[in-house]
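The structure appears right after this line, and notes come after that.
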Amino acid sequence: MRQFQLVSAITARWQAWEGPASSLEHLDLRRDGEGIVACGVVIASAEPAHFGLRYRLLIDRSWRVRDALLETTAGESLHLESDGMGQWKQNGTLSPSLNGCIDIDIEATPFTNTLPIRRLSLEAGESRLVRLAYIRVPALAVAPGEQRYTAIHPGALYRFESLDHAFTAELPVDPHGLVRDYPGLFRRLL
């Protein structure tokens, strides 16, 4: 099994598949004590939604999100806290609908695909179903979802399937597990 490189400090940028005029993202990822901090900014100008999104994720050493803060330039905000075992609070209140969710997926960024890819450590041909908190942007509406990840070439290429949206893509990743390109949606710039 190919191991991912340790994260110390990484900057990544993505644009929408059709070009930066539609959306652009900047991500700073750094090790912080016992975990990792991911801070990202997404600017989108494509129809139907024009928005700006800022997010900060606190991720433990097992690549589980423990705290997520999302804010839009329109003033919407969402704060999720997790015990790492599938129990969540949404804006300070227990959220039973998210019970059993380990990962999150913010629809405006390819970064959140890195979380299960790193956490699962799949062998070649191995496939796992994950339950996650799916976050729609710019509304910041949260709902449980199911996705499947399959290692085609561990550490390099994964098949992603959204079971809720009947969507499949093959995701090439870099040595840190960050998505390089997300066919039809995002292209990595840096």
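Over all projection directions, the Cα-based convex hull of the chain averages an area of 9.9 nm².
Here the Gaussian network model covers the chain, with springs between Cα atoms less than 10 Å apart; of Ala139, Ala16, Ala68, Ala139 fluctuates the most. The stretch between His153 and Leu6 holds 51.0 nm of extra length on full extension. This uses 0.36 nm per residue minus the Cα-Cα distance.
Please report the net charge: other residues with Cβ closer than 14 Å to the Cβ of Ala143, K and R +1, D and E -1. Value of the local net charge: -3. Applying both filters, DSSP loop and at most 13 other Cβ atoms within 10 Å, to the trypsin sites (Lys or Arg not before Pro) of segment 86-174 eliminates every site. Extension gain for the segment Arg136 to Glu34, taken as residue separation times 0.36 nm less the Cα-Cα distance, is 33.8 nm to one decimal. Based on the alpha-carbon gyration tensor of segment 97-137 and its eigenvalue square roots a ≥ b ≥ c, which shape applies: rounded if a/c is under 1.5, prolate if not and a/b is larger than b/c, or oblate? It comes out oblate by the Cα gyration axes. Applying the Kirkwood pairwise sum to the alpha-carbon positions of segment 1-82 produces a hydrodynamic radius of 14.1 angstrom. Given +1 at the Cβ of Lys and Arg, -1 at the Cβ of Asp and Glu and no other charges, the dipole of the chain around its Cα centre is 400 debye to the nearest 20.
Bridges between two residues of the chain, per DSSP, are antiparallel at a rate of about 95%. Loop-located chymotrypsin sites (Phe, Trp or Tyr not before Pro) in segment 1-83 (DSSP state other than H, G, I, E, B) with a sparse environment of at most 13 neighbouring Cβ atoms within 10 Å are absent.
Each of Val65, Val130, Ala166 was placed along the dipole of segment 9-188 (beta-carbon charges, centred on the mean Cα), and the one lying farthest toward the positive end is Val65.
Under 5 Å from the amide H of Tyr134 lie the amide H atoms of Asp105, Ala143, Gly145, each residue being 5 or more positions distant or on a separate chain, with H modelled from the backbone and absent for Pro and chain starts.
Our helix-only sum for the chain, with -39,500 (n - 2.57) per DSSP H run of n ≥ 4 divided by its residues, gives a mean residue ellipticity at 222 nm of -1000 deg cm²/dmol.
Computed from the coordinates by the stated procedures, all read-outs in this text should not be read as laboratory data. Treat the numbers as computed from the prediction; the structure is a model and nothing was measured. Using ideal geometry, Cβ is built from the backbone for each residue, glycine included, and neighbour counts are taken over all protein chains shown.
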